[in-house]
1. Consider W68 carefully, then state whether it is at pLDDT below 75 and either outside any helix (DSSP H, G or I) or surrounded by 13 or more Cβ atoms within 10 Å (Cβ to Cβ) (or both).
2. Mind counting the residues in the range 2-22 that are without any contact (Cβ under 8 Å) to a residue 12 or more places away in the chain and closer than 14 Å to L186 by Cβ?
3. Kindly check whether there is at least one residue in the range 29-38 that is crowded, with 20+ Cβ neighbours inside 10 Å, touching a helix residue (DSSP H, G or I) at 6+ places or on another chain (Cβ under 7 Å) and modelled with pLDDT of 85 or more.
4. Kindly list the number of the only condition in (1) in contact with a helix residue (DSSP H, G or I) (Cβ under 9 Å, 6 or more places away or on another chain); (2) over 17 Å from I149 (Cβ atoms); (3) at pLDDT below 80 that fails for L20.
5. For the range 1-12, what are the residues that are surrounded by 18 or more Cβ atoms within 10 Å (Cβ to Cβ) and more than 12 Å from the chain's Cα centre (by Cα)?
6. Please find, among I129, I116, I149, the residue that is modelled with pLDDT of 85 or more, surrounded by 15 or more Cβ atoms within 10 Å (Cβ to Cβ) and within 15 Å of the chain's Cα centre (by Cα).
7. Which numbered condition trips up T15, out of (1) modelled with pLDDT under 85; (2) surrounded by fewer than 20 Cβ atoms within 10 Å (Cβ to Cβ); (3) of a type in the set (S, T, N, Q)?
8. Enumerate the pairs (first residue in the range 182-205 and surrounded by fewer than 14 Cβ atoms within 10 Å (Cβ to Cβ); second residue anywhere and at pLDDT 70 or above and not in a helix (DSSP H, G or I)) with beta-carbon separation below 7 Å, excluding pairs fewer than 6 apart on the same chain, so at least 6 apart or on different chains.
Amino acid sequence: MIQTIFSALAVYVSTSIDYLFILMIIFSQAHTKKDFYHIYWGQYLGTGILVVVSLFIAYVLNYIPQDWVIGLLGLIPIYLGIRLAIKGEEEEDEGEVIEKVSSGKSNRLFWSVALITIASGGDNLGIYIPYFTSLSISEIITVLVIFAISISVICYISYKLAKISFVADTLDKYKRIIVPVVFVGLGIFIMLENGTFEAFLNTFN
């Protein structure tokens with residue numbers, strides 16, 4: 001249980017650091033309490049859609065008879081981690097984010113946050129799908145609870161940090177180190193859990 005909680009936190013945080021910056025930009029444009037809730041629920045909807053899609057694909061993949069084949073999915077987060085470490089990532093221009101959400105209409109704000117979350121969630125799918133394939137039903141339920149709590153926390157932190165520029169600069173400085181390490185570690189964990197390394201070693205012995 002403890003291992004599942006920590007792994008869920010690691011997965012969510014590593015895939016949501018970008019959301020932290022985007023949400024900070026969006027919260028800086030919010031002026032009412034109603035705006036805050038629309039941003040909050042927009043983030044829930046966007047993340048929820050990514051999770052549902054990942055769970056569906058993971059469910060289908062679980063019908064593959066040999067676990068070590070599923071373990072090969074661990075190569076996806078490893079690849080993403082190495083790519084981020086070498087090249088970094090293309091970040092959406094802050095002006096574009098502000099332009100998308102500065103309409104003055106809370107309803108549009110809700111959908112804008114949800115769509116931005118989904119649009120920037122390609123890497124999330126690459127992490128969530130192999131991660132979910134390595135979990136049991138009870139572990140998935142635990143992970144979903146952790147994710148739900150974490151979404152609320154990241155929204156609150158983003159709201160508070162929106163007014164503290166040096167904190168954002170510090171996170172931006174070190175995320176290129178932290179995120180690749182977590183991604184590569186997760187990929188290795190997935191391959192170990194599914195016996196992929198063992199299967200390859202047995203092949204060459």
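The values are calculated or read from the model by the stated rules, or taken from the named source; none is laboratory data. What you are looking at is a predicted structure, and each value in this text was computed from that prediction instead of being measured. Using ideal geometry, Cβ is built from the backbone for each residue, glycine included, and neighbour counts are taken over all protein chains shown.
1. Considered against the rule, which asks whether it is at pLDDT below 75 and either outside any helix (DSSP H, G or I) or surrounded by 13 or more Cβ atoms within 10 Å (Cβ to Cβ) (or both), W68 comes out as yes.
2. Total meeting the criteria: 2.
3. Scanning the range 29-38 turns up at least one residue that is crowded, with 20+ Cβ neighbours inside 10 Å, touching a helix residue (DSSP H, G or I) at 6+ places or on another chain (Cβ under 7 Å) and modelled with pLDDT of 85 or more.
4. Here L20 clears every test but (2).
5. S7
6. None of the others qualify; the one that does is I129.
7. Every condition holds for T15 apart from (2).
8. none
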